[in-house]
Every structure is written in structure tokens, then in C-alpha cells.
């Protein structure tokens, strides 16, 4: 059975320990800080389970006798299958405008990428590779919504994880026995973790000698005994009106620190055990890192379309669409949008086979990350410049419309050549939530560091670029002439 929204929401009533505002949240599906976003995630599953969308969103699992699964778990064997999967991810992202950065398709892409590199895990440890293969199939067949925590708490960043004042500040192995590992400490950034089913716990940051206890990779349910979910401030909780905050009220996926209070992880959930080299290889020697960030670029492609749509609507609403300088600005934004779109398509066209699987081109992906990290903040500034004071001078809340006198004044002061007063306010409330609200500010920070710090993404670009092809052109040109030729043709007079 294909998972529905109701099925997913029911799965979240599992007693998980989510802390917010100094206390346990209880049932997150009804808590004011999370319930609307939980419903938004549910709508993703309702979309995929619709008869009209089954072919778009699902694929037949070859070994499952005709059973279907969400394409987020698809392992493409060809360019065409990669495109089919991308169209599904694109359709999902359009439902939230790209604002659910850790929707179910992201970490599913990571696990799928690791599975595509299962040979690496077999060479490492037969037991760990079997655990990963079984987990991929289990997550796929049960349509699990996964998040991950792959970053260590910042603390003293001049020191290694093992050199911190508390060696269990970062989640690491306390003990292991015949049943599995015992984990203690914290990890971040569990984006979407409050409403996910399970979490992949590992480390993508470089680890040093002595950090072996932190070099693990495993997955556990969000309601695992001893797992505490420490939520950040909820933007949804303070966005009580959809009209006033149409994005924050419905798409605040939340971020959280996870604390593992001596959590027991069974061996069949452990993929890497205290091996620094393998912790890094699981991402970069398999398709995992490319595949998960390919998904992120698909989502960002959709988000850029949404933001460019906001820009054009600002110009139309303010009656400046025909101004030459505004056309110039919109033309630049259109070029930015097409750049992201073209990079996604290019990484597909330039893709390659990894064993039996077709994966996107790594360098094109990393080029996209480098460019879009800078681009997002530029787009935000451009939208602010286009909108001017229109983003600020809005009615205080939807309640102003309930006051007859104020409603009349809104009609006099909120005017547009293409929209009613109510339509103008509605649009600019949406624009503010995308550009200037606290929710929007978090998204700017989030997109700037989604792929890691700038030096990290630029390092990936350096590592995967075909430098030889470029330097061969230089060598070819250098080889086309010589000093001796010059001296023979132009001898110095005796």
C-alpha cells in the first residue's frame, strides 16, 4: 500500500521526546509549534498516493512482485530513469515551493546512494554491508521519512571532537557488546527531525586520529529510548494566521539538536563502526554525496522559480513592470533562474554509470553548489530592492480586515493597478514571509550553508574538476613555439 498523509501522521504518534519552550511537546501532530507543517508533509504523501500521480511518483520494485514504492528510493539504471525520478522530486518540491529543505526525498537519496555503492561496504565489513542493504529495503518498503544528523556541535572549533572538555559532547561510542553500540552525546542539525520517522546518524566532517569513537554510521527511530529532540524556536507557533504568514505557518520544518542519552543501537542498524576512513568514504566513494545534493539542487531549482515569480508579481503589483531598469533587474533574475535549471539538466546529461546505476555528474553538481550559495543571498537583496517599503507597510494582521473602519482605510491605502487592496496585502504578506520574516532569514542562512561552508563546496569543485583537460591546452600552446626558433629567425647582430 502506498503511504498516505493519514498513515504518516499516525506513525508520528509514537511517544518521541521532543522538547520545546522548556517542556515536552507531547503529541507533535496537534502541538501548535508543529501541527501545520506535519499536515504539509502529510499532503506530500497524499499527492503520491493519488491515482492520478502513481506513475509520476512511484515505480515498480523489481524484486517485490509488482509492488510500487516512492521514486525517492529509485536506483536509476539509465539516463531516462534518472529523469523520471527527477520529475517526481520536482513535483513534490512544487507543493512546498522548495521551502521544505529536508523533505523525505533528501535523506532517502543519501541512503540510496550508499546502497548504490554497496560493494564498498562489502569490502569494509560483510555484517555492516548486510545491515545497510537490509535497511535500504526496509526504509523503502515502509516509506520511512528519514532525516540525518551529520554535524558535530560547534563548541571549540579549534579542537578535535576528542579534545573537547567533555569527550561525549559529540555523540560517540560509550561501549559495544554482542547486542550493538551504546551512544552518548549530541549531533546536529536534525532538520525535519521532529516529524521524521527515523534518523541517520553519522559524521561528514573530517575526523582526526583519536576521534574513532565518533566515526560511526547508524539509523534509529525518532522514539528510541534515550533519544532527546531539542527543538529550536518554532516559527510556526508564532505564525497563527496563514494569511499573515503563509509560509512560516505551514512549512517550518524545524531544526533540532539530538542528544543520545546512552542510546542502544542494535548491530542490524550499524553501517560503520568506529572507522574514520570509512565514515568519509561512505559519502564520497559511493554516489551518496552526489545523489543527496542532486536532490537538493532540484529543490532549489523549484525554489528559485518561486522567488523569481515573486519578483515579477512585485513589479506587476507596483505598476513598474514596464520600467526599463525593472526589466533589466527581472532579466538578470531570469538568467539566475535559468542558470540553476541548466545546471540540474547538465548534471543529468553529463551523468555516468556507477556499476549498474546512472548517477549525475559530480563536478557539475559541485559547481552548482558553489554558485547557488552566493546566488541565493543576491536574489534576496534584489527582491528587497524591487519591493521597497511595500514589504513593510502592511496591515498588522488579518484582524484588521475584521474592523469595518480599518478595512475601508486599507482599501484607500493599499492600492495596485492589477489587484484589489485585499489581493495586494495577501501577496505582499507572502513576499515578506519569503524574503524578510524570521522564517525567511533562517532560509537565507540555511541555503548559504546547505552544502557546507563555502570553502567546503569550493574544495569539492576543485577535487572533481578535470584540470588535465585545461592544462593540456596550455601545454599544447607552449609546445607550438620555442625560444630556439626565435633565435634562428632573428639572430643577434655580431
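The values are calculated or read from the model by the stated rules, or taken from the named source; none is laboratory data. Keep in mind that this is a model prediction, so the values were computed, not measured. In this analysis, Cβ positions are derived from the backbone assuming ideal geometry, glycine residues included, and neighbour counts consider all displayed protein chains.
In this structure, residue 266 does not satisfy being within 23 Å of residue 358 (Cα to Cα) and either surrounded by 22 or more Cβ atoms within 10 Å (Cβ to Cβ) or in contact (Cβ under 8 Å) with a residue 12 or more places away in the chain (or both). Residue 56 - would you say it is surrounded by fewer than 23 Cβ atoms within 10 Å (Cβ to Cβ) and either farther than 30 Å from residue 217 by Cα or not assigned by TED's automatic domain parsing to the domain that holds residue 270 (or both)? So residue 56 fits the description; yes.
Looking across the range 309-337, the residues that are surrounded by fewer than 19 Cβ atoms within 10 Å (Cβ to Cβ) and not in a helix (DSSP H, G or I) come down to 319, 320, 321, 322, 323.
Yes/no matrix, rows are residues, columns are (1) part of a loop (DSSP other than H, G, I, E, B); (2) touching a strand residue (DSSP E or B) at 6+ places or on another chain (Cβ under 9 Å); (3) closer than 30 Å to residue 448 by Cα:
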site	(1), (2), (3)
380	no, no, yes
385	no, no, yes
388	no, no, yes
394	yes, no, yes
401	no, no, no
405	no, no, no
416	yes, no, no
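Please go through the range 137-158 and give me each residue that is part of a strand (DSSP E or B) and more than 19 Å from residue 258 (Cβ to Cβ), ordered by number. Selection gives nothing. Identify, by number, the condition in (1) more than 20 Å from the chain's Cα centre (by Cα); (2) at pLDDT 95 or above that residue 65 doesn't meet. Evaluating residue 65 over (1) more than 20 Å from the chain's Cα centre (by Cα); (2) at pLDDT 95 or above leaves (2) as the failure. Assuming residue 373 fulfils every condition listed in (1) touching a helix residue (DSSP H, G or I) at 6+ places or on another chain (Cβ under 8 Å); (2) modelled with pLDDT of 95 or more; (3) in a helix (DSSP H, G or I) apart from one, which condition is it? Condition not satisfied by residue 373: (2). Considering (1) touching a residue at least 60 places away in the same chain (Cβ under 8 Å); (2) part of a loop (DSSP other than H, G, I, E, B), the lone condition that residue 185 does not fulfil carries the number (2). Among the residues of the range 7-27, the ones that are closer than 30 Å to residue 54 by Cα and under 24 Å from the mean Cα position of the chain (by Cα) come to 5 in all. The residue pairs whose first member lies in the range 1-27 and is not assigned by TED's automatic domain parsing to the domain that holds residue 48, whose second member is part of a strand (DSSP E or B) and surrounded by 18 or more Cβ atoms within 10 Å (Cβ to Cβ), and whose beta carbons are closer than 6 Å, counting only pairs six or more residues apart or on different chains, do not exist in this structure. Given the criteria within 14 Å of the chain's Cα centre (by Cα), surrounded by fewer than 19 Cβ atoms within 10 Å (Cβ to Cβ) and in a helix (DSSP H, G or I), does residue 90 qualify? The answer is yes for residue 90.
Scanning the range 49-74 for residues that are in a helix (DSSP H, G or I) and touching a residue at least 24 places away in the same chain (Cβ under 8 Å) yields 49, 53, 54, 56, 57, 64, 72, 73. Name every residue in the range 159-179 that is over 27 Å from residue 106 (Cα atoms), touching a strand residue (DSSP E or B) at 6+ places or on another chain (Cβ under 8 Å) and part of a helix (DSSP H, G or I), in order of residue number. Listed by number, the list is empty, since nothing qualifies.
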